[in-house]
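Asks: I'd like to ask you about the structure that follows.
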Amino acid sequence: QVQLVESGGGLVQPGGSLRLSCEASRTIFSIGDMGWYRQAPGKQRELVATITNDGRTNFADSVKDRFTISRGDARNMVFLQMTSLKPEDTAVYYCWRRDYGGNYWGKGTLVTVSS
């Protein structure tokens with residue numbers, strides 16, 4: 001079973017930056033899309049950003065021009081660089097992977113944006 005482990009969450013002031021990392025292990029297929037979703041308290045999980053195996057990216061309108069997504073050379077890692085963070089970015093951020101075996105999720109990392 002594929003495992004996704006996130007790291008890098010925490011408390012940051014408005015306007016600050018954070019970098020989230022996710023490493024996939026036990027992958028059978030080397031090709032797969034990866035990305036990030038988030039879920040704020042009382043809200044549904046929503047897409048933040050995704051990146052395909054060949055580097056094509058997709059962002060939620062709310063994070064365009066503030067967040068960037070990238071992958072490691074080994075293609076089993078994905079990173080989310082978040083800048084100009086706002087209180088409304090507060091959420092649990094989940095790593096996601098899709099390959100020929102299905103969709104996989106990490107357990108999430110909490111990002112809190114507050115002064």
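All of the numbers you see were taken from the coordinates with simple rules; none came from a lab. What you see is a predicted model; the values in this text were computed from it and never measured. With ideal geometry, Cβ positions are generated from the backbone for all residues, glycine too; neighbour counts draw on all protein chains shown.
Asks: Can you give the Rg/Rh ratio of the chain, where Rg is from the C-alpha atoms and Rh is the Kirkwood radius?
Replies: Radius of gyration over Kirkwood radius for the chain works out to 0.96.
Asks: OK, next. With an 8 Å cut-off on Cα pairs and a minimum separation of 6 or more residues, tell me the relative contact order of the chain in percent.
Replies: With pairs under 8 Å counted, the relative contact order is 37 percent.
Asks: Something else now. Full extension from R19 to K43: what is 0.36 nm times the residue separation minus their Cα-Cα distance, to one decimal in nm?
Replies: 6.4 nm is the gain from fully extending R19 to K43.
Asks: Whats the longest run of the chain with zero chymotrypsin sites (Phe, Trp or Tyr not before Pro) that are DSSP loop and have at most 16 other Cβ atoms within 10 Å?
Replies: It runs 30-99.
Asks: From a point 7 Å beyond the Cα of S30 in the direction of its Cβ, which residues of the stretch 67-87 have a backbone N at a distance under 18 Å?
Replies: 71-78
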